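Please read through the structure below; I'll follow up with questions.
The values are calculated or read from the model by the stated rules, or taken from the named source; none is laboratory data. In this text the structure is predicted, and so the values were computed from the model without any measurement. Using ideal geometry, Cβ is built from the backbone for each residue, glycine included, and neighbour counts are taken over all protein chains shown.
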Amino acid sequence: MITKLQKWGNSQGVRIPKEILSKISISEGDSVDVSYEGNVIIIKRIQPLKRYSLEELFKNNEVQVEEEYWGSPEGKEEW
């Protein structure tokens, strides 16, 4: 497929047809890695980092921590 390099603000860009993007599962807003080898431009989809909840992070944690008693408040501490 032949397309033209176009000026977008202070940069230049190439429009990638929807058919190509859908075949490689890239959509608007996805992060990509752009590099080159010789005179070839390479665009690779980046897998987004998985976000974990606190429950997922600590589900295999076997350490039990007991609350430490530090005594009654002294002075102007607020509890």
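Residue under question is Glu67, and the condition is that it be over 26 Å from the mean Cα position of the chain (by Cα), exposed (fewer than 10 other Cβ atoms within 10 Å of the Cβ) and either hydrophobic (A, V, I, L, M, F, W, C) or at pLDDT below 85 (or both); does it hold? Reasoning before the result, please.
Numbers: over 26 Å from the mean Cα position of the chain (by Cα): yes; exposed (fewer than 10 other Cβ atoms within 10 Å of the Cβ): yes; either hydrophobic (A, V, I, L, M, F, W, C) or at pLDDT below 85 (or both): no.
So Glu67 does not fit the description; no.
If you don't mind, there's one more thing I want to ask. Exactly one of (1) basic (Lys, Arg); (2) modelled with pLDDT of 90 or more; (3) outside any strand (DSSP E or B) is unmet by Lys50. Its number?
Answer for Lys50: the failing condition is (2).
Next question. Taking only segment 1-40 into account, find how many residues are assigned to a loop (DSSP other than H, G, I, E, B), surrounded by 10 or more Cβ atoms within 10 Å (Cβ to Cβ) and hydrophobic (A, V, I, L, M, F, W, C). Even if it seems obvious, please write down each step before you answer.
Of segment 1-40, the ones assigned to a loop (DSSP other than H, G, I, E, B) are 1-5, 9-10, 14-17, 24-31, 38-39.
Now restrict to residues that are surrounded by 10 or more Cβ atoms within 10 Å (Cβ to Cβ): 14-17, 24, 26, 30-31.
Keeping just the survivors that are hydrophobic (A, V, I, L, M, F, W, C) gives 14, 16, 24, 26.
Matching residues across segment 1-40 total 4.
For segment 4-38, name all the residues that are of a type in the set (Val, Ile, Thr) and more than 24 Å from Leu49 (Cα to Cα).
Narrowing segment 4-38 to residues of a type in the set (Val, Ile, Thr): 14, 16, 20, 24, 26, 32, 34.
Scanning segment 4-38 gives Val14, Ile16.
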